[in-house]
Structure formats: C-alpha cells, structure tokens
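The values are calculated or read from the model by the stated rules, or taken from the named source; none is laboratory data. Note that the structure is a prediction, hence the values are computed from the model and not measured. Neighbour counts are summed over all protein chains in view; Cβ atoms, including those assigned to glycine, are modelled from backbone coordinates with ideal geometry.
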Amino acid sequence: MRKRHVLTAMFSVALALGLVFIGCGDKGSGDPTSPGGTDPTYSISLSQTGTHTFPAAAPGYGTQTALSVIITNTGDQATGALTAVLSGANSGSFTLSTAGISSIAVSGTGSFTVVPNTGLEAGTYTATVTVSGGNGITASFVVSFAVTLDPFYGINLNVTGTHTFTAATVGYGAQTAKSVTITNTGNQATGALTAALSGANSGSFTLSTAAISSIAVSGTGSFTVVPNTGLEAGTYTATVTVSDGNGITASFDVSFAVTLDPVYGINLDIIGTHTFTAATVGYGAQTEKSVTITNTGNQTTGALTAVLSGTNSASFTLSTAGISSIAVGGADSFTVVPKTGLAAGTYIAIVTVSGGNGMTASFNISFTVNPVGTAKVIYAWVDEHEIVTSDTTATLSRGGANNSLIITVTGSGYSNYQWSLNGGDIAGTAGTTSYTFSSAGHGNGKYTIGLRLKKDNAWYSTQITITVTN
C-alpha cells in the first residue's frame with residue numbers, strides 16, 4: 001500500500017512538470033512534427049513538359065492564344081513563393097502572365113500563362129520557361145513559335161532567251177550538251193519538276209532527264225540538252241520548259257543549224273556598168289557611188305580586197321582597199337568616185353572585190369568629161385548585151401555656147417550603125433560611128449536621137465533625149 005501511494009505521487013508531479021509524452025512519434029526520430037517521423041519533401045510538377053510549339057503564323061499576325069500552365073505541389077510541404085522566368089536567345093519574344101506565384105499547399109495547384117509576342121518578323125523563336133522556389137524546387141519546359149512568309153514558289157534557269165549551238169555540217173558527230181541549272185527562288189521546296197521539249201523540231205534534241213527531284217529553298221538542280229546526231233541540212237529550233245504543279249514554269253529556246261559543205265560567195269549590188277553623171281572640164285568633186293557587198297555563202301568571207309583595173313583605173317578612187325570578213329548573211333560597203341581634174345574624154349575602169357576560196361565579183365564604171373565650148377559629147381558602147389551611154393539627156397541652147405551635141409560610139413567589134421531622129425532614120429548616117437545634132441534649125445522642144453548598133457550578129461538600141469531652149 002505504501003509503494004502504490006509513492007508511484008501515484010511521482011506520476012502526478014511529472015504531469016505537472018510536462019515531463020511525460022504520450023504518442024509523440026517514433027522513439028528514434030527526434031522530430032515531433034513529421035507524420036510517422038520522415039524528412040519533409042518539396043517538389044512541383046508542370047502540366048507542360050518537353051516543348052510546346054505554338055501554331056505558326058504569317059507576318060502581320062494578331063494576338064496568339066496563350067498556353068495555360070498548371071503547377072501542382074507534389075511534395076509534402078507547402079511550396080513557399082515560386083518564380084516563373086523566361087530564358088534563352090528569344091526570351092524577349094514571349095510574355096508570361098506573371099512572374100510570381102504564391103505558395104501552393106500540399107497537393108494544391110497554381111497557374112500562369114505564356115504567349116508569343118505580336119509583331120515578330122519571319123523566323124523561328126524558342127525560349128525556356130522555368131518555375132522555381134526555395135528548397136530546390138524547379139521545373140521547366142520549352143516554347144517555340146514560327147513566323148512564316150506566305151508560300152511562294154519560283155525557279156530561275158541560268159539559260160534565257162535562245163541558246164544557239166555551234167553550227168555543224170552534214171555528217172557531224174556528237175555535239176556538246178548544254179548544262180542547265182535550276183535555282184529555287186521561292187520560299188518553299190519546289191516539289192518534283194518536269195523538263196519537256198516542245199515546238200516543231202522538239203524531236204531533234206534530247207534532254208538528259210525529264211524528271212527533276214524537289215529542290216530545297218535556295219537550292220539547285222540541273223539537266224542537259226543536246227542536238228541529236230544525223231540531222232539533215234537545215235535549222236532546228238525547240239523550246240525547253242521546266243514546270244511543276246505549284247504554278248512554277250520557266251523556259252528558253254534552243255537552235256541548231258546543220259549546213260552543207262562550205263560555200264563561199266559574195267554579191268555586189270551593182271552589175272554591168274555604173275555610169276557617173278557626165279561633167280564639164282573644170283568640174284568639182286563628184287558624188288561617190290556606194291557599193292554593198294553581201295555574203296551569199298554559208299561561211300564567213302574572210303578578209304576581202306577591192307581593186308581598180310583597166311586603162312583608166314587611175315582616174316577613180318576607192319574609199320578602201322581592205323574589207324573585213326563578212327558574216328554569213330551579212331553585208332559591208334565601200335565607195336568609188338571619179339577623181340577631179342580629168343581632161344575631156346570618157347574614162348572606164350573595172351572594180352573587183354575578191355577574197356580567198358575563189359570569191360570574186362566585179363562591175364564596170366564610166367565617167368565622161370565634156371569639153372568646154374559649143375559641143376556636148378555623149379559616148380555610147382555595148383556592154384553586157386545592151387548599149388551604155390555616158391548620159392541619156394542633153395540640153396542645148398539655140399543662142400548660147402552649148403548649141404550642139406556629139407554622140408560618139410566607142411569600142412570595137414561593131415558591124416553596123418544606124419541613127420534616127422524622132423523615130424525616123426537619118427539619111428546618110430548608116431555605118432557612121434558618130435552623129436552631131438545642132439540646135440540650129442530646130443525650134444524649142446524635145447527631140448529623140450535613136451542609135452542602133454550591130455555586134456556579134458545582134459542588134460542593140462538606145463535613145464537620147466535632147467531639149468532645145470532659147
């Protein structure tokens with residue numbers, strides 16, 4: 001009995017002093033606040049992980065839809081205040097709804113949003129969103145936003161206009177192919193491309209391929225085109241077109257000439273005889289005669305030479321003696337003119353243009369200088385199956401110095417002559433080599449002197465008109 005009363009008294013004292021603990025945790029924990037006696041846990045999770053890619057937009061886009069992010073407290077302690085921040089090269093291209101998040105209770109949640117800014121130029125923008133707090137709390141994810149230009153498809157070829165292959169002669173061998181480079185000038189891949197030949201002679205050329213794989217932006221592709229062998233003489237043309245299903249198209253022409261064996265030839269725009277207008281002794285500078293040379297062959301002429309020949313060659317002057325090579329179908333020119341200071345008479349020479357490969361062409365020139373006095377002289381001769389005269393008209397004065405006209409036949413080989421006046425034969429003139437018409441005895445008006453010459457058993461005729469004035 002005495003022992004029981006002692007224990008009861010000791011227990012009462014202990015209660016009064018607070019020295020007795022009932023149910024205060026595991027005897028080894030020493031932490032009176034942890035349920036079951038474990039260490040506290042601080043952690044969070046985010047509703048967005050990895051990378052969130054906002055829908056792409058074109059330049060000039062409006063406000064984008066924000067991404068809502070849920071923060072969940074996955075620890076066994078309140079999180080304490082949290083901070084949300086953006087980082088990375090393009091962090092300034094996005095906006096957070098808040099940078100500070102209040103403490104979240106155990107198993108509780110908080111939230112914020114992130115959205116791309118407006119006004120961004122074309123390009124791809126990325127940043128990292130990080131939520132963090134005390135006690136080592138941290139979680140993050142990546143955001144990405146692309147601003148793209150409106151889709152544009154286009155190509156460029158390095159060959160434009162017409163590509164002319166080097167000409168070849170019949171029987172030629174394989175020709176050198178022309179390489180064509182295709183450049184993507186759009187902002188999208190081209191997609192598969194097709195190369196095709198069209199036109200009347202499309203079957204006279206060959207493409208290395210008809211199908212070109214899709215070309216990346218700013219990238220290139222290529223193919224070749226070449227004339228076929230075995231073509232006959234002629235000129236072959238076709239159109240090369242590269243296209244696809246996005247409205248892409250670009251084209252150029254090709255041309256190839258097949259010629260026969262080389263032909264060299266020239267033509268002058270003057271044939272037979274060119275007669276300069278007659279002049280009187282003491283005359284001034286005469287009008288030059290322009291001569292056009294045309295290349296009529298299928299090869300360039302090479303350098304050409306113009307020369308004067310004949311008894312009176314020194315009485316004329318050429319503007320040049322050397323003519324540069326003339327291209328196929330091309331032309332060049334020079335001039336010829338009588339010299340000044342020549343005495344009365346008729347001057348005849350030959351102008352010849354020649355070059356290598358047997359090229360030659362020529363014509364005659366004639367210039368008559370009349371004496372000063374009462375008589376005007378016109379010379380006549382047969383050339384190239386016709387009568388050529390130094391002049392075809394004359395004006396005589398009944399009372400002045402020039403009151404008569406002498407028409408003289410020059411040259412040789414004539415077997416007969418006949419003169420006429422206004423259509424009627426003039427008696428006594430058959431067989432004579434000249435005839436003189438005098439204004440004396442003729443009234444004012446026009447008169448026609450006819451001349452017939454027989455040479456090599458053929459008759460030739462011409463007329464000279466005379467005008468008589470006071």
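Hey, could you check region 289-312 for residues that are among the hydrophobic types (A, V, I, L, M, F, W, C) and surrounded by 18 or more Cβ atoms within 10 Å (Cβ to Cβ) and say which is farthest from Phe363 (Cα to Cα)?
Step by step, filter region 289-312, then rank; the result is Leu304.
Take the residues of region 167-190 that are within 17 Å of Tyr153 (Cα to Cα) and in a loop (DSSP other than H, G, I, E, B): which is modelled with the lowest pLDDT?
By that ranking, first place goes to Asn187.
Looking at region 272-331, which of its residues are in contact with an Asp or Glu (Cβ under 9 Å, 6 or more places away or on another chain), in a loop (DSSP other than H, G, I, E, B) and not polar (S, T, N, Q)?
Matches in region 272-331: Gly272, Ala278, Ile326.
For region 207-222, which residues satisfy the criterion of being outside any loop (DSSP other than H, G, I, E, B) and farther than 23 Å from Ala257 by Cβ?
Within region 207-222, Ala211, Ile212, Thr220, Gly221, Ser222 qualify.
Which residue is modelled with the lowest pLDDT, if the candidates are limited to region 433-453 and must be surrounded by 13 or more Cβ atoms within 10 Å (Cβ to Cβ) and in a loop (DSSP other than H, G, I, E, B)?
Per the stated criteria, the residue is Ser439.
What number goes with the only condition from (1) in a strand (DSSP E or B); (2) buried (at least 17 other Cβ atoms within 10 Å of the Cβ) that Ile70 does not pass?
(2)
List the number of the failed condition for Thr429; all other conditions in (1) of a type in the set (Val, Ile, Thr); (2) outside any strand (DSSP E or B); (3) within 20 Å of Thr395 (Cα to Cα) hold.
Unmet condition: (3).
Determine whether Thr467 is in a strand (DSSP E or B) and either over 21 Å from Val388 (Cα atoms) or touching an Asp or Glu at 6+ places or on another chain (Cβ under 8 Å) (or both). Give the derivation first.
Values: in a strand (DSSP E or B): yes; either over 21 Å from Val388 (Cα atoms) or touching an Asp or Glu at 6+ places or on another chain (Cβ under 8 Å) (or both): no.
In short, no.
Restrict the check to region 387-397 and report whether at least one residue is assigned to a loop (DSSP other than H, G, I, E, B), of a type outside the set (Ser, Thr, Tyr) and either surrounded by 15 or more Cβ atoms within 10 Å (Cβ to Cβ) or at pLDDT 80 or above (or both).
yes
Of Gly272, Gly247, Gly234, which residue is touching a residue at least 12 places away in the same chain (Cβ under 8 Å), exposed (fewer than 14 other Cβ atoms within 10 Å of the Cβ) and over 30 Å from Thr301 (Cα atoms)? Please lay out each step first, then the result.
On the way: Gly272 fails: over 30 Å from Thr301 (Cα atoms); Gly234 fails: over 30 Å from Thr301 (Cα atoms).
Result of the check over Gly272, Gly247, Gly234: Gly247.
Filter region 454-470 down to the residues that are exposed (fewer than 15 other Cβ atoms within 10 Å of the Cβ) and hydroxyl-bearing (Ser, Thr, Tyr) and list them by number.
Ser461, Thr465, Thr467, Thr469
Which one of these is of a type in the set (A, V, I, L, M, F, W, C), closer than 23 Å to Thr63 by Cα and either modelled with pLDDT under 95 or surrounded by fewer than 18 Cβ atoms within 10 Å (Cβ to Cβ) (or both): Ala99, Ala78?
On inspection, the qualifying residue turns out to be Ala99.
Which of the residues that make up region 51-67 are assigned to a loop (DSSP other than H, G, I, E, B) and aliphatic (A, V, I, L, M)? Steps first, please.
Step one: of region 51-67, the residues assigned to a loop (DSSP other than H, G, I, E, B) are 54-56, 58-66.
Within region 51-67, Ala56, Ala58, Ala66 qualify.
From the list Gly133, Gly186, which one is over 30 Å from Leu46 (Cα atoms) and surrounded by 15 or more Cβ atoms within 10 Å (Cβ to Cβ)?
After applying the criteria, what remains is Gly186.
I want to confirm something. Restricting to region 81-96 and keeping residues that are hydrophobic (A, V, I, L, M, F, W, C) and closer than 16 Å to Phe54 by Cβ, which single residue is surrounded by the most Cβ atoms within 10 Å (Cβ to Cβ)?
Taking region 81-96 and keeping what is hydrophobic (A, V, I, L, M, F, W, C), we get 81-82, 84-86, 89, 94, 96.
Of the ones still in play, those that are also closer than 16 Å to Phe54 by Cβ are 86, 94, 96.
On the way: Leu86: 18, Phe94: 25, Leu96: 18.
Of everything passing the filter in region 81-96, Phe94 is surrounded by the most Cβ atoms within 10 Å (Cβ to Cβ).
What's the number of the condition Ala16 fails, among (1) surrounded by 14 or more Cβ atoms within 10 Å (Cβ to Cβ); (2) small (Gly, Ala, Ser); (3) more than 29 Å from Phe145 (Cα to Cα); (4) at pLDDT below 95?
For Ala16, the failing item is (1).
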